[in-house]
Amino acid sequence: MIDIGPLRRITGARYDIRGKTVLITGAGQGIGSALAGVLHQRGAALALVDIDETRARTVASELGDRTLPIGADVTDRDAMTAAIARTAEHFGRLDVVVANAGVVPKPATLRTMDARSFDHVLGVNLTGVFNTVHPALDHIVSARGHVVVVSSCAAFAPGMGGSPYMISKAGVEQLGRALRVELAPHRATAGISYFGIVDTEMTHATLDRDDLGRAIDNLLPWPLNVRITAAEAARVIADGIGRRAARTIAPAGWEPYALLRGIINIALDHQLTRDPRVARLIRVLENAA
C-alpha cells in the first residue's frame, strides 16, 4: 500500500520564496520575464534561461543583483544540464524550476503540415520541459523545493489547426501530474499552470497576425476568449509557488471546462465535426499549405 503521508504534510503548506534560487526558462520575454520581475521583488535569486541570451541579459540588467542570465536552448539536453549545474554553482543552491519556454506552430492541419514543424513544437514544449526538469530534480529533492511546468488550457481544448501545440501541452500536463506524485515521498512538490489566451508576442503572431488567425480566435466563445496579460499570468504562477499549488488556472472562465472536460469534450467534438465554420476554416488552412 502506498504511503501518501508525505503528500498530505506538504499539500497547502506555505512556501516562502525569499532567499530561494529559481530557474526560469523562456525568461527573456512574455510570461517568463514578467515572472522574473515578480519573484525578484519577492526576494528570490534568479537564473534566467532563454534561447536568446541577449534578451536574458536585458531582463537581468533591468532587475539588478541576484540574477544570472544564461543562453540555452531547451531542446539541447547537454546545454540544459550545464545551465542547471551553472545555476547551482553560482548561487550555491537551486530550489525552484519553472519550465515555461514554449512555441506555437504555423496553423495547419495534420494532413498538410510540415512534419518538421510538429517535431519542433514537441521538442520545445514537451521534450524541452523534460530537459529542463530532469537534471534539476536532485537539487529540488535536496532543497525540498518546487517545480512548475507550464501547460495550457489547450491541453484539453480541441486541437484542429494547431494540434502540435495541444498535443505537447497535454503531454506536459501528464509530466506534471507524475512529477507531483513522485516528488511527494521526498517532501518536494510540483504544480501545473494552465492558461487560456495570454496577451504576449506569441499570441499576437498567431491570432492577431492576419484574417486566418482572427478566424481561429473567433471560434472561442465567451468567456474562453478572455485574454489575460503576461503580468497576470506571472502572478498566478508566483502565488501558486507560494502555496505549493498542484494546479493553477487562469482566466477563471476556463475552470468549469477544466473540471468537466470529460463530458464537455465529447459533446464539443461532436459539434465541431458538424460546424460549417470549422469546415470552412480547415479548407482555408489546407488551401494555404
Inset, instruction - Output yes when any residue across segment 163-174 is surrounded by fewer than 16 Cβ atoms within 10 Å (Cβ to Cβ), at pLDDT 95 or above and either assigned to a helix (DSSP H, G or I) or out of contact with any helix residue (DSSP H, G or I) (no Cβ under 9 Å at 6 or more places or on another chain) (or both), and no when none is. - result: yes
Inset, instruction - Answer yes if at least one residue in segment 185-193 is modelled with pLDDT under 95, surrounded by fewer than 21 Cβ atoms within 10 Å (Cβ to Cβ) and either in contact with a Pro (Cβ under 8 Å, 6 or more places away or on another chain) or outside any helix (DSSP H, G or I) (or both), and no otherwise. - result: no
Legend entry - Index of the failed condition, Leu7 passing every other in (1) out of contact with any Asp or Glu (no Cβ under 7 Å at 6 or more places or on another chain); (2) at pLDDT 95 or above; (3) outside any loop (DSSP other than H, G, I, E, B): (2)
Inset, instruction - Among the helices (runs of 4 or more DSSP H) lying completely within segment 228-289, list those that include at least 3 residues that are under 18 Å from the mean Cα position of the chain (by Cα), within 24 Å of Leu183 (Cα to Cα) and touching a residue at least 12 places away in the same chain (Cβ under 8 Å). - result: 230-242
Legend entry - Condition broken by Gly92, with the remaining ones in (1) on the phi > 0 side of the Ramachandran plot; (2) crowded, with 21+ Cβ neighbours inside 10 Å satisfied: (2)
Legend entry - Subset of segment 49-74 [more than 16 Å from Ala88 (Cα to Cα) and of a type in the set (Ser, Thr, Tyr)]: Thr54, Thr58, Ser61
Inset, instruction - Name every residue in segment 151-165 that is in contact with a Ser or Thr (Cβ under 8 Å, 6 or more places away or on another chain) and without any contact (Cβ under 8 Å) to a residue 24 or more places away in the chain, in order of residue number. - result: none
Inset, instruction - Residues being crowded, with 23+ Cβ neighbours inside 10 Å, aliphatic (A, V, I, L, M) and either out of contact with any strand residue (DSSP E or B) (no Cβ under 6 Å at 6 or more places or on another chain) or under 17 Å from Gly92 (Cα atoms) (or both): count how many of those fall in segment 9-33. - result: 4
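Do we have any residue at all in segment 131-142 that's of a type in the set (Val, Ile, Thr), free of Cβ contacts under 8 Å to residues at least 60 places away in the same chain, touching a helix residue (DSSP H, G or I) at 6+ places or on another chain (Cβ under 9 Å) and surrounded by fewer than 22 Cβ atoms within 10 Å (Cβ to Cβ)?
Initial filter on segment 131-142 (of a type in the set (Val, Ile, Thr)): 132-133, 140-141.
Filter once more, so that each one left must be free of Cβ contacts under 8 Å to residues at least 60 places away in the same chain: 133, 140-141.
Add one more test, that the residue is touching a helix residue (DSSP H, G or I) at 6+ places or on another chain (Cβ under 9 Å), and what stays is 133, 140-141.
Still in the list and also surrounded by fewer than 22 Cβ atoms within 10 Å (Cβ to Cβ): 141.
Yes, because at least one residue in segment 131-142 is of a type in the set (Val, Ile, Thr), free of Cβ contacts under 8 Å to residues at least 60 places away in the same chain, touching a helix residue (DSSP H, G or I) at 6+ places or on another chain (Cβ under 9 Å) and surrounded by fewer than 22 Cβ atoms within 10 Å (Cβ to Cβ).
Within the bounds of segment 62-71, is there any residue that is among the hydroxyl-bearing types (Ser, Thr, Tyr), surrounded by fewer than 23 Cβ atoms within 10 Å (Cβ to Cβ) and within 20 Å of Gln29 (Cβ to Cβ)? Don't jump to the end; show me each part of the working.
The first filter runs over segment 62-71 and keeps only residues among the hydroxyl-bearing types (Ser, Thr, Tyr), leaving 67.
Now restrict to residues that are surrounded by fewer than 23 Cβ atoms within 10 Å (Cβ to Cβ): 67.
With within 20 Å of Gln29 (Cβ to Cβ) added as a condition, the list becomes 67.
Yes - at least one qualifying residue is present in segment 62-71.
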Legend entry - One residue from Val148, Val121, Val104, Val98 being within 17 Å of the chain's Cα centre (by Cα), more than 22 Å from Ala245 (Cα to Cα) and either surrounded by fewer than 17 Cβ atoms within 10 Å (Cβ to Cβ) or touching a residue at least 60 places away in the same chain (Cβ under 8 Å) (or both): Val104
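Restricting attention to helices (runs of 4 or more DSSP H) lying wholly within segment 35-150, give those where 3 or more residues are over 28 Å from Glu182 (Cβ atoms).
Values: elements: 53-63, 77-91, 115-122, 128-133, 137-143.
Where helices (runs of 4 or more DSSP H) fall fully within segment 35-150 and carry at least 3 residues being over 28 Å from Glu182 (Cβ atoms), they are 53-63, 115-122.
The values are calculated or read from the model by the stated rules, or taken from the named source; none is laboratory data. Computed from a prediction, not measured in an experiment: that's the story for all the values here. We place every Cβ from the backbone using ideal geometry, glycine too, and count neighbours over all the protein chains shown.
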